[in-house]
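Asks: One structure is given below, represented as structure tokens, and several questions about it will come after.
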Amino acid sequence: MLGGDLVAVWEVALSDGVFRIEFAHGTTTGKRVVYVNGQEVIRKDWMFKLVGKETFTVGSTNTKATIVIEAISGFAYEYTLEMDGKSLQKFINNKAQTTKTWLLRVDGADCRVVLEKDTMDVWCNGQKMDTTGEFVDDGTETHFMVGEHECCIKATSSGKKKSGIVHYLLLDGEKIAASTQ
């Protein structure tokens with residue numbers, strides 16, 4: 001697919017899925033090719049300028065991604081990925097604060113459920129879910145269905161100022177452990 005020009009690969013977890021970003025750079029021709037999950041999103045075959053930036057979007061949420069190409073010495077290059085204008089590490093750290101992810105099996109199929117804490121949007125395997133939210137005595141509950149299964153994300157106070165609100169997922173009333181991704 002990419003031949004011998006593949007120079008960088010990144011895996012990025014967004015609310016609507018985990019995306020594999022591959023970058024091929026022909027350092028003699030200046031060729032630049034970007035693939036997201038195997039789909040070509042940018043191709044520039046002849047470029048005189050070997051350094052610069054390639055910007056594209058990722059996922060159904062159209063998250064802005066930029067690959068920065070910098071010369072470090074002679075014909076050696078450094079490739080960095082920025083997401084939403086932040087370094088990849090800063091973006092990942094920010095996502096860890098603003099989302100909660102659960103990986104589970106439902107009816108024999110793998111499911112990745114993501115809660116966006118700031119908007120309370122819920123995603124399952126890349127699809128934004130229809131949800132119903134309600135206030136309850138100890139916090140809030142966000143209800144949705146995965147297939148024929150009832151799911152509920154409960155948000156309650158941890159009782160500790162530092163940890164704030166705790167979110168947990170119930171599948172048919174059973175608590176599901178959160179993922180570390």
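Asks: Which of (1) in contact with a Leu (Cβ under 9 Å, 6 or more places away or on another chain); (2) touching a residue at least 40 places away in the same chain (Cβ under 8 Å) is the odd one out, the single condition residue 22 does not satisfy?
Replies: Residue 22 satisfies every listed condition except (2).
Asks: Moving on. If a residue must be charged (D, E, K, R) and at pLDDT 95 or above, how many such residues does the range 135-147 contain? Can you show your working first?
Replies: Looking only at the range 135-147, we keep the residues that are charged (D, E, K, R), and these are 137-138, 141.
Checking which are at pLDDT 95 or above leaves us with 141.
Total meeting the criteria: 1.
Asks: Same structure again: Quick one: in the range 70-102, of everything that is of a type in the set (A, V, I, L, M, F, W, C) and surrounded by fewer than 14 Cβ atoms within 10 Å (Cβ to Cβ), which residue is farthest from residue 114 (Cα to Cα)? Break it down stepwise before answering.
Replies: Residues of the range 70-102 of a type in the set (A, V, I, L, M, F, W, C): 71-72, 75-76, 81, 83, 88, 91-92, 96, 102.
Those still in the list that are surrounded by fewer than 14 Cβ atoms within 10 Å (Cβ to Cβ) too: 71-72, 75-76, 96.
Working: 71: 38, 72: 38, 75: 42, 76: 39, 96: 11 Å.
That would be 75.
Residue-wise test of (1) farther than 30 Å from residue 114 by Cβ; (2) among the basic types (Lys, Arg); (3) open to solvent by less than 50 Å² (accessible area, probe 1.4 Å).
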position	(1), (2), (3)
8	no, no, yes
14	no, no, yes
29	yes, no, yes
37	no, no, no
41	no, no, no
50	yes, no, yes
58	no, no, yes
63	no, no, yes
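Asks: Is there a residue being hydroxyl-bearing (Ser, Thr, Tyr) and exposed (fewer than 13 other Cβ atoms within 10 Å of the Cβ) anywhere in the range 109-119?
Replies: We begin by selecting, within the range 109-119, every residue hydroxyl-bearing (Ser, Thr, Tyr); these are 119.
Now drop any that are not exposed (fewer than 13 other Cβ atoms within 10 Å of the Cβ), which leaves 119.
Checked against the condition, which is being hydroxyl-bearing (Ser, Thr, Tyr) and exposed (fewer than 13 other Cβ atoms within 10 Å of the Cβ), the range 109-119 yields at least one hit.
Asks: For residues in the range 124-143 being farther than 14 Å from residue 106 by Cα and under 23 Å from the mean Cα position of the chain (by Cα), which is surrounded by the most Cβ atoms within 10 Å (Cβ to Cβ)? Give the steps one after another, and end with the answer.
Replies: Step one: filter the range 124-143 for residues farther than 14 Å from residue 106 by Cα, giving 126-143.
If we keep only those that are under 23 Å from the mean Cα position of the chain (by Cα) too, we end up with 126-131, 142-143.
Working: 126: 16, 127: 12, 128: 15, 129: 18, 130: 9, 131: 17, 142: 20, 143: 16.
Top of the filtered list is 142.
The values are calculated or read from the model by the stated rules, or taken from the named source; none is laboratory data. Remember, it's a predicted structure, so these values are computed and weren't measured experimentally. Neighbour counts are summed over all protein chains in view; Cβ atoms, including those assigned to glycine, are modelled from backbone coordinates with ideal geometry. What goes into the accessible areas is simple: the full protein's heavy atoms, side chains included, and nothing from ligands, DNA or RNA. Shrake-Rupley method; radii C 1.70, N 1.55, O 1.52, S 1.80 Å.
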